[in-house]
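Following: one structure in structure tokens, then a few remarks.
The values are calculated or read from the model by the stated rules, or taken from the named source; none is laboratory data. The model shown is predicted, which means the values in this text are computed figures rather than measured ones. Backbone-built Cβ (ideal geometry, glycine too); neighbour counts: all protein chains shown. What goes into the accessible areas is simple: the full protein's heavy atoms, side chains included, and nothing from ligands, DNA or RNA. Shrake-Rupley method; radii C 1.70, N 1.55, O 1.52, S 1.80 Å.
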Amino acid sequence: IVAGDFNLPSSKTNPLFASSGFTGHIAEKTSLGRAVLNGAYLSQEYDNILTKGVYVCTSGTIDFVSEYFAPVTNESLESARKLSDHLPVFATFV
């Protein structure tokens, strides 16, 4: 299991790990932008969980911004970024 903030989108990291047999499980934006643009506040797919030899049941992100900082405005996004500039990622596996 390899997990982290790779500072690269999954389109770049997944092929690198795939050559070693790893599969990426987070294919959505995880990095918080600095401003809300047309209602969107996520900017990049930098975080991922990659596995090899385990069965992944579920995976995804925990959008604490929309849950605890709604409505998401530039001001509430700035407050959320004080907690983290990335959404947490998770995977359940056996």
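In the stretch 18-56, which chymotrypsin sites (Phe, Trp or Tyr not before Pro) fall in coil by DSSP and have 14 or fewer other Cβ atoms within 10 Å?
Answer in residue order: TYR55.
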Handout entry: Charge dipole magnitude, Cβ of K and R +1, D and E -1 - the chain, Cα centre, debye nearest 20
Key = 240 debye
Handout entry: Estimated [θ] at 222 nm from DSSP helical runs (n ≥ 4, -39500 (n - 2.57)) normalised by residues in the chain, nearest 500
Key = -7000 deg cm²/dmol
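Seen from all sides and averaged, what is the projected area of the convex hull of the Cα atoms in the stretch 1-47, in nm²?
Numbers: hull surface 13.7 nm².
So the Cα hull casts an average projection of 3.4 nm².
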Exercise for the section: Using a 1.4 angstrom probe, figure out how much accessible area the chain has per residue, in square angstrom, rounded to the nearest whole. Expected result: 61 Å²
Completion exercise
With all protein chains present, the chain has a carbon and sulfur share of its accessible area (1.4 Å probe) in percent of 54 percent
Practice task
Could you check which residue among THR73, THR30, THR51 shows the biggest mean-square fluctuation in a GNM of the chain with a 10 Å Cα cutoff?
Solution key: THR73
Fill in the blank from the handout: Residues whose modelled amide H sits under 5 Å from the amide H of ILE49, counting only those 5 or more places away in sequence or on another chain, are HIS25, ILE26
Practice task
Run the 1.4 Å probe and let me know the accessible area of VAL94, rounded to the nearest 10 Å².
Solution key: 120 Å²
Fill in the blank from the handout: Using alpha carbon positions and the Kirkwood radius, the Rg to Rh ratio of the stretch 43-94 is 1.10
Practice task
Taking the convex hull of the Cα atoms, report for the chain its projected area averaged over all directions, in nm².
Solution key: 6.2 nm²
Exercise for the section: Just subtract the alpha-carbon distance of GLU75 and SER43 from 0.36 nm times their residue separation and send over the number in nm, one decimal. Expected result: 9.8 nm
